[in-house]
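What follows is one structure encoded as structure tokens, with my remarks underneath.
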Amino acid sequence: MKTGLVLEGGAMRGLFTAGVLDVLLEHDVPFDGLVGVSAGACFGCNYKSRQPGRVLRYNLRYAHDPRYCSLWSLLTTGGIFGPRFAYYTLPQHLDPFDIAAFDRSPMEFHLVCTDVLTGQPVYRRFDRFREDLYDWILASSSMPVVSKVVSIGDQRLIDGGIADSIPLRYFQQQGFRRNLVVLTQPADYQKQPLSYRWFIRRNLRRYPALIAAWEHRHEMYNEELRYIASQQAEGNTLILCPDATLPIGRISHSRRLMRQTYDLGRSVATAQLPRILAFLSQENNPPQQTQHV
């Protein structure tokens, strides 16, 4: 039975996920595949390259670097997270992504983007490194309005969370029958409708299908929450999430909050490690409830 990791996004809330993944890496917990959305893809690729600590390290190091994340970057590059610096210079030169380890790992790596012309999800699989991996991670992580649309071939792409925030169904369709889902919101979270539709409609007026997808995102997201809960009840899915709203927002320059959020992820994973191992190794061991601390 193929086992999978399903990682939602959340920008800097993804440091919670990074903490979870580092604990799993340190204990050599194997998975056959991983699918990440936005920050889930950007941070999750380090699981296949087996680089625990890397996500926290470079976020702490560049927390106040305007090239990494800043209004200056938004005004000068079109992305609040500097696209060239954060997605190319950093992994290629400053804190190198381990391409050789990524290629050695048998794990499948999947990510999700949104097609701005259709508003539909676009899925991409990487078993081995290719240069366009950086392009796809950038596209998956590019938040609308504060990021440019990313062109890859004839596709125009943006943040995968708009179209498929928690792609458990997709991974099940790929043959992954036993999945660990890591969320960055607490168990009782429900996404609310957009409160600034006029702003979205004005800034994305060239992409009506994307606007429609974003305006209905809360419905899609909440339905996905219900679905993963039903799958956990059936025993083929295990959910890890924080106990309460994380102390960090989508964007933050606070090293203290970054480390605190990362440590919360580590705490959840450490506390639930025996249950995670049992879940992955036993086909008939249904979880009893959503796991959080």
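The values are calculated or read from the model by the stated rules, or taken from the named source; none is laboratory data. Everything numeric here is computed off the predicted structure, so don't read it as measured data. All Cβ positions, glycine included, derive from the backbone under ideal geometry; neighbour counts span all protein chains shown. With ligands, DNA and RNA removed, areas are computed over all heavy atoms of the protein, side chains included. Shrake-Rupley method; radii C 1.70, N 1.55, O 1.52, S 1.80 Å.
Taking the listed residues LEU246, LEU238, the one that is of a type outside the set (Asp, Glu), in contact with a helix residue (DSSP H, G or I) (Cβ under 6 Å, 6 or more places away or on another chain) and either farther than 28 Å from HIS64 by Cα or assigned to a helix (DSSP H, G or I) (or both) is LEU238, with no other qualifying. Residues that are crowded, with 16+ Cβ neighbours inside 10 Å and over 16 Å from PHE176 (Cβ atoms) within the range 230-246 comprise LEU240, CYS241, PRO242, LEU246, listed in sequence order. Somewhere in the range 48-66, is a residue touching a residue at least 60 places away in the same chain (Cβ under 8 Å) and open to solvent by 20 Å² or more (accessible area, probe 1.4 Å)? Yes, the conditions are met somewhere in the range 48-66. Applying the set (1) under 18 Å from ILE251 (Cβ atoms); (2) in contact (Cβ under 8 Å) with a residue 60 or more places away in the chain to VAL145 leaves exactly one unmet item: (2). Of all residues in the range 249-284, those satisfying the criterion of being under 22 Å from SER141 (Cα atoms), part of a loop (DSSP other than H, G, I, E, B) and either hydroxyl-bearing (Ser, Thr, Tyr) or open to solvent by 60 Å² or more (accessible area, probe 1.4 Å) (or both) are ARG250, ILE251, SER252, HIS253, SER254.
Of all the listed residues (GLU26, GLU8), the sole one being surrounded by fewer than 24 Cβ atoms within 10 Å (Cβ to Cβ) and of a type outside the set (Ser, Thr, Tyr) is GLU26.
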